[in-house]
Amino acid sequence: VKPMRTLDPSFDPDAFFARTHAATSRVLMLDYDGTLAPFCVNPAEAVPYDGVVPLLDEIQDAGHTRLVIVSGRWTKNLVPLLKLKRTPEMWGSHGWERLESEGKYEVARISGAALEVLVTADEWIKQIEKFGGRCERKPGGLAFHWRGLDNAQIAEIRSEVFERWMELGRGNDLNWYDFDGGIELRAVGRNKGDVVRTLVGEAGSGAVIAYLGDDLTDEYAFKALPPGSAAVLVRPQFRPTAAHLWIQPQAELFDFLTRWSEAAGRNR
């Protein structure tokens, strides 16, 4: 295993895994697209990297880690892709929905004003699809995807969404988020940082926590982690980040998850 790229001089990966081994509780939070699975033009084909599913099964089977998937996707579209032996806890739509491992499902209520804007934005879908874009409805948001399109098509989609967004004349109910491969209009009030804060509170003091993510939306999560946690950027190319470590998929992702599994204890 080659040394991990440490971005924060005060963070020691070996010491972190030693704490993971000694901890009384552990929480491993994982983004999905771009982290556990490569990006695909058709998101329904974005299955996890080779070797990831057996490792996650092993971590869950050992019973020493609370495994949580934290994604921008709608959970109903994510469950079929993971194909784990047991469905882990999932937070979807950037924290607007929570699917517990036992099956309990909750979705937070967005404001009436935000819902009104989303209904209006729904009317843009046909035009965006004419430009070749793909539109994804989800609880609390609407995403416009352009992955796989040429620069001219991307420019048309971006211009169309921006023009219509400006015509709305308000930005207090929805926020505009750029992500790797598109734009999302999302109700204000929830992000991945809120998910981290909730899980940290539930884990209590003494828990060792890691969050692995690739996108700008994962920065909210990195910044919400308590001291001593591991914020891990998972990307082929580096970008500015609040993360402590940078690893590249898929070999280094496999290495990190293997070290976690060994530190958490496979059968102890």
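The values are calculated or read from the model by the stated rules, or taken from the named source; none is laboratory data. Small disclaimer: the values here were computed from a predicted structure and weren't measured. Here the Cβ is made from the backbone with ideal geometry for all residues, glycine too, and neighbour counts use every protein chain on show. To get the accessible areas, we keep the full protein, side chains included, count just its heavy atoms, and leave off ligands, DNA and RNA. Shrake-Rupley method; radii C 1.70, N 1.55, O 1.52, S 1.80 Å.
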query = Classify segment 142-268: rounded, prolate or oblate, from the alpha-carbon gyration tensor (a ≥ b ≥ c, eigenvalue square roots; a/c under 1.5 rounded; otherwise prolate if a/b is larger than b/c)?
reply = oblate
task = Please give the net charge around Phe162, taking every other residue with its beta carbon less than 12 angstrom from that of Phe162, where Lys and Arg add +1 and Asp and Glu add -1.
result = -3
remark   = Applied in sequence order to segment 189-204, the curve 6.51 cos²θ - 1.76 cosθ + 1.60 (Karplus, θ = phi - 60°) yields integer Hz couplings, x standing for Gly and Pro, of x, 9, 8, 5, x, 5, 4, 4, 4, 5, 5, 4, x, 6, 6, x
ask   = In degrees between 0 and 90, to the nearest 10, how far off the longest principal axis of the chain does helix 251-264 point, with axes built from Cα atoms?
value = 50
query = To the nearest 10 square angstrom, how much accessible area does Arg134 have with a 1.4 angstrom probe?
reply = 80
ask   = Heavy-atom accessible area of Asp12 with all protein chains present, probe 1.4 Å, nearest 10 Å²?
value = 80
key: Heavy-atom accessible area ranking, 1.4 Å probe, most first, across Glu106, Glu100   = Glu106, Glu100
note = Env charge @ Pro240, Cβ radius under 15 Å, K,R +1 / D,E -1, value -3
message = Angle check, please: helix 13-22 long axis (alpha carbons) against the longest principal axis of the chain (alpha carbons), in degrees 0 to 90, nearest 10.
response = 70
key: Percent of beta bridges antiparallel (DSSP, the chain, rounded to nearest 5)   = 55
ask   = For segment 43-160, what class follows from the C-alpha gyration tensor (a ≥ b ≥ c being the square roots of its eigenvalues): rounded when a/c is under 1.5, otherwise prolate if a/b is larger than b/c, else oblate?
value = oblate
request  = With a 1.4 Å probe and all protein chains in place, put Tyr211, Tyr105 in order of accessible area, largest first.
outcome  = Tyr105, Tyr211
request  = Compute the accessible area per residue over the chain, keeping the other protein chains in place, probe 1.4 Å, unit Å².
outcome  = 46
request  = For segment 61-78, just list the computed ³J(HN,Hα) in residue order, Karplus coefficients 6.51, -1.76 and 1.60, θ = phi - 60°, integers in Hz, with x standing in for Gly and Pro.
outcome  = 4, 5, x, 9, 9, 8, 9, 9, 8, 10, 10, x, 6, 5, 4, 5, 8, 8
task = Mind giving me the nanometre distance, one decimal, between the label points for Gln237 and Asn175, set 7 Å out from Cα along Cα→Cβ?
result = 2.5
ask   = Which net charge results when you count Lys and Arg as +1 and Asp and Glu as -1 among the other residues whose beta-carbon is under 11 Å from that of Leu115?
value = -2
ask   = Among Asp50, Asp8, what's the order by accessible area (1.4 angstrom probe), most exposed first?
value = Asp50, Asp8
note = For the pair Arg86 and Asn42, the simple spin-label estimate (label points 7 Å beyond Cα toward Cβ) gives in nm 3.3
request  = Kindly flag which residue pairs out of Lys76/Lys126; Lys83/Lys192; Lys138/Lys223; Lys104/Lys223; Lys83/Lys138 have an alpha-carbon separation exceeding 30 Å in this structure.
outcome  = none
remark   = In terms of the alpha carbon gyration tensor, root eigenvalues a ≥ b ≥ c, rounded if a/c is under 1.5 and otherwise prolate when a/b exceeds b/c or oblate, the chain is prolate
ask   = To the nearest 10 degrees, how steep is helix 151-168 against the longest Cα principal axis of the chain, on a 0 to 90 scale?
value = 70
message = I'd like the FRET efficiency for Ser25 and Lys130, computed as 1/(1 + (r/R0)^6) with the beta carbon distance as r and R0 of 51 Å, rounded to 0.05.
response = 0.50
task = Find how much the distance from Val119 to Glu202 grows on full extension, using 0.36 nm per residue of separation minus their present alpha carbon separation; answer in nm with one decimal.
result = 26.4 nm
request  = Rounded to whole Hz and in sequence order, give me ³J(HN,Hα) for segment 119-135 from the Karplus expression 6.51 cos²θ - 1.76 cosθ + 1.60, θ = phi - 60°, writing x for Gly and Pro.
outcome  = 5, 5, 5, 4, 6, 7, 4, 4, 5, 5, 5, 4, 7, x, x, 10, 10
request  = Please work out how much accessible surface Met166 shows to a 1.4 Å probe, ignoring ligands, DNA and RNA, in Å² rounded to 10.
outcome  = 110
